[in-house]
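Since every read-out is calculated from the coordinates, none of them should be taken as a lab result. Quantities reported herein were computed from a predicted structural model and do not represent experimental measurements. Using ideal geometry, Cβ is built from the backbone for each residue, glycine included, and neighbour counts are taken over all protein chains shown.
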Amino acid sequence: MKQKLVKNLVLILLCFIMLSGCLFQPDMDDNFNEIDSEIFVAPFEITLDQAADTIPVFFATDFSFSISNLDPSLQYDVRIFSDLLSGVSIYNKLSGVFNYSPPDLTGYDVLHLQVVIKSGTGSLADKLGAENIVFEQSWVLQVDTNPPDETVITSIKADDESLRIEWPKYKRINFKNYRVNKIKENEYYSYVITDPDSSFFYDKSFVGGRASYQVVIESLSNTYSVSSTKTYEDLEVPTLIKYEQGSNSSRDLKIFFSSSRYPENISHYEVYETYAPNTYGGDLLGSFHVRDTVFSIEPVFGKSKYIYITTISKQAGNYPESVTSLPKEYTYGEKISPFEKILFSRLKNRYYSLASGSSILKTFSITTNEKIGEITLPNSGAGIQLSLDESKIIALVNDKVFFWDSQTLAFLEEIDFKFLLTAQEYIIGFGTANNNRLLLNKTSNSNNLGSLLLFDLNTRLLIKQFSGLSPSTNLELSIDEKFIRTYGYGFKKISSIKDDQISATGLTTTDLIFFNPQNQSQAILGYSSAIQTGSILISDILTWEVISRFYTQSMRVYSMDIESGLAAGLRENEFKYLVFDYLNQNILWEGQTYNIPIVHGNYIYSTEGVRLKIME
Amino acid sequence: MRIIAFVFALLITLTCFSQKYSITIGTGLSQFKHDDLKSLQSLLEYQARPLGLKTIDNFPPYFYYSGEVSRKLGNVFSVGLVYRLESTGYKSSYSDYSGIIKFQQTLVLQEAGILVKYKFKELDKIVLSANLYTYLGWSDVDIDSYFNLYGSNSEYIESVSLESRSILINPEFCAGYPVTKQFSLHLTAGYCVDFKGKLNAKDSGRQLQFPDGTNVKTDWSGFRVGLSISIQF
């Protein structure tokens, strides 16, 4: 009985231990609480100030957010974060500013704004802030913070009457502007282009020369890329092309110059002239419209001029720029040989007739300067003299006088005056007078004594003869009831005989003799011994002083033209030709030694050559 | 359980020997103070008070298990060796549909010591004795924290293993009833005094301290009431 009791007790003890477990185990009760999880939040609005389908971002940007109509009794947080950035900005207010500092990126990010409202259920998650109602709105950010791609100038060329610089179009969204830097003649210019599609620039200030360009792409994130420098050079600035004498009787010289390749950039041309090469500045001849490439100047006889054409930019006010053409010299005529005799004459303002020591007599149009005709003189060689009548061209060659029609240049006749001469005499000068009369000057070869012979061409009879002329003889002539008085050695050459005047060159190389038939006491204008003294009038306008300026002892006056008041001669000691206007008291031209422009205005002073040539 | 059954079978076989020795196995209910650990738990609860934590277990009395071997010295004294296993724990928790949070401690005390018994009176078949146990105790303390919000992948588990050592003295009174010549039943009641051991982390050896720097100690002190069975041989 007792053993059974012990066994039972032991079994009870073992069962008790098995049921309770050897070691303490905490209760399974986890203190579960029944809580209502139903939540309701009234609608509200989330707005962002820069809301758009995609928001471009190029640098740290402030976004202002605002939440409206949110139940004020709710506990909430506003959380703003992005996909790419770490960290969350948490706000406990319904409006604020979020600063977005973008990563170095060319791509997209997404900005999230969450309104995290506490559930308010009182649950463990609610108490721990993990049970929330999250309202989220997102915006796509197009981020471009990387520097612009490298660029290059693809072309610089004249285009559309200006200078066009091109480069590839920049397509990224961080475009801020293009900037074209220009360096010209150590001056720096900068131009800004804000249109991303305008990947070109018309340099409105470029009018020629050499300029360097550089294109800069500037980004909205204040980074930039710079192209390599490209230099453009265009030295074909406007320059003189040709010269042309003005029409009709104009003395002007028309000058044609080439147009600029950049007329759109040009305000106008300014033309300057100087008398020395490589000297900028000078006198302003005028300003010319950009489309006007022809201008006229009034040349100064015999002077070499240098023309500068300055191109003035339209943007001169802001960007002074001009290009000046290289100086161009222009002269008329061509070289003639030294000591070559100059003869000239004019007929009714219509023709120039030139003669020289050669056997060719050439006639030119006043208006066009073109050669009209050419006469081959007989007995080519020395001794030829030329005179003009109203209708005839008359040449004295040796002892014969030849006649040509001045209009057609047809040969008319020749008259041999040998019958008037002795064996020792020869004709040294001649002239024409009214009523178809001819005045000849014959002399002996030994002492220059000679006679004047007035010859009627119609009857071919000698009208009058003045003999015994000598340096010491004062001789009075009368032509058409007008008198001529000579001094000194008499006439050697007679240039012209007009109604009231006869002009001639003297017997010596230093004499210049004028006659005033109406007042013979004043007829002598000068000779070698009288150069330094006196003042003798001819036609009340000419003074001896004026003549003396041009006429020196070493001066050989070859030709005179009373009507035009021009004379030409040679300074033998200097080997220079001189043309002067003794009526207007000007030296028209004093040539370089042996290098003579021979055209001035409507007048041609020449010997050799028939060309009207412009030499640059 | 197998070990206990094996020991029980062994004791049966020993009854064929003389009755100078005895082997006793027993169990009982222990009550514990653990004031420091309670304070520590209170501190945790205070910090987490908004969460509505509720104390589920607060170091409740729990069963102990013991075994001893003794030898009679004369008619009234016995001496021997004793082993005792005690455990208790703490748990506070809150849970609802959204998740759960709980803190719990599991304390296990293994004691080994010596005993001295003094039989001071026999009443009929009831033998009264005064026993004194002196133990060296090893405490293992596991502090577990668990947190989980459902559906949020926020499950959190943290365990800290601590240990302490202390000396315990447990005087008790024992009333024995001989069922047979070899077997007897004992009813014991006493009080265990724990001289408290400092808790140290098992891995680092660092002592567990309150925020004010004082050490947290285990305190297994408390009443012990038990039932045991012995076999003499």
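Summing charges over neighbours of A:VAL110, with a neighbour being any other residue whose Cβ is under 13 Å away from its Cβ, gives -4 when K and R count +1 and D and E count -1. Averaged over the residues of peptide B:43-53, the number of Cβ atoms from other protein chains lying within 10 Å of each residue's Cβ is 1. The stretch between A:SER66 and A:PHE256 holds 61.0 nm of extra length on full extension. This uses 0.36 nm per residue minus the Cα-Cα distance. Taking 19 Å as the cut-off, the amide N atoms of the stretch B:161-193 that come nearer than this to a point 7 Å along the Cα-to-beta-carbon line of B:LEU73 belong to B:169-174. Label-to-label distance for A:ASP53 and A:TYR188 is 4.2 nm, based on points extended 7 Å past Cα in the beta-carbon direction. Taking label positions 7 Å along the Cα-Cβ direction at both B:TYR21 and A:ARG172, the computed distance is 9.3 nm, reported to one decimal. I need the shape label for the stretch B:109-152. Rule: rounded when a/c is under 1.5, else prolate if a/b > b/c, else oblate, with a, b, c from the alpha carbon gyration tensor. Oblate, because a/c is 1.5 or more while a/b does not exceed b/c.
Along each principal axis, taking the top coordinate minus the bottom one, the Cα set of chain B gives 67, 36, 32 Å in descending order. Amide H to amide H distances under 5 Å link A:ILE372 with A:THR363, A:PHE364, A:SER365, where only residues 5 or more positions off or on other chains count and H is placed in the peptide plane. Calculated mean residue ellipticity, 222 nm, chain B: -3500 deg cm²/dmol, from DSSP H runs (n ≥ 4) at -39500 (n - 2.57) each, averaged per residue and rounded to 500. Measuring r between the beta carbons of A:ASN436 and A:ARG210 and using R0 = 60 Å, the FRET efficiency lands at 0.30. Counting Cβ atoms of other protein chains within 10 Å of each Cβ in B:57-67 and taking the mean gives 2. Cβ crowding within 10 Å, taken as a proxy for footprinting-reagent exposure, orders A:HIS268, A:HIS289 from fewest neighbours to most as A:HIS289, A:HIS268. The mean number of partner chain beta-carbon atoms within 10 angstrom of a residue's beta-carbon across peptide A:30-37 is 6.
Once the C-beta distance of B:GLN209 and B:SER159 is scaled by a Förster radius of 22 Å, the resulting FRET efficiency is 0.70 to the nearest 0.05. Once the C-beta distance of A:LYS400 and A:THR229 is scaled by a Förster radius of 56 Å, the resulting FRET efficiency is 0.10 to the nearest 0.05. With 31 Å as the limit on Cα-Cα distance, the pairs of B:LYS102/B:LYS202; B:LYS117/B:LYS196; B:LYS91/B:LYS119; A:LYS242/A:LYS314; A:LYS230/A:LYS254 that go past it are B:LYS91/B:LYS119; A:LYS230/A:LYS254. If the chain linking A:PHE44 and A:HIS112 were pulled fully straight, counting 0.36 nm for each residue of separation and taking away their Cα-Cα distance, it would gain 22.8 nm. Panel order for A:SER68, A:SER199, by other beta carbons found within 10 Å of each beta carbon, from fewest to most: A:SER68, A:SER199.
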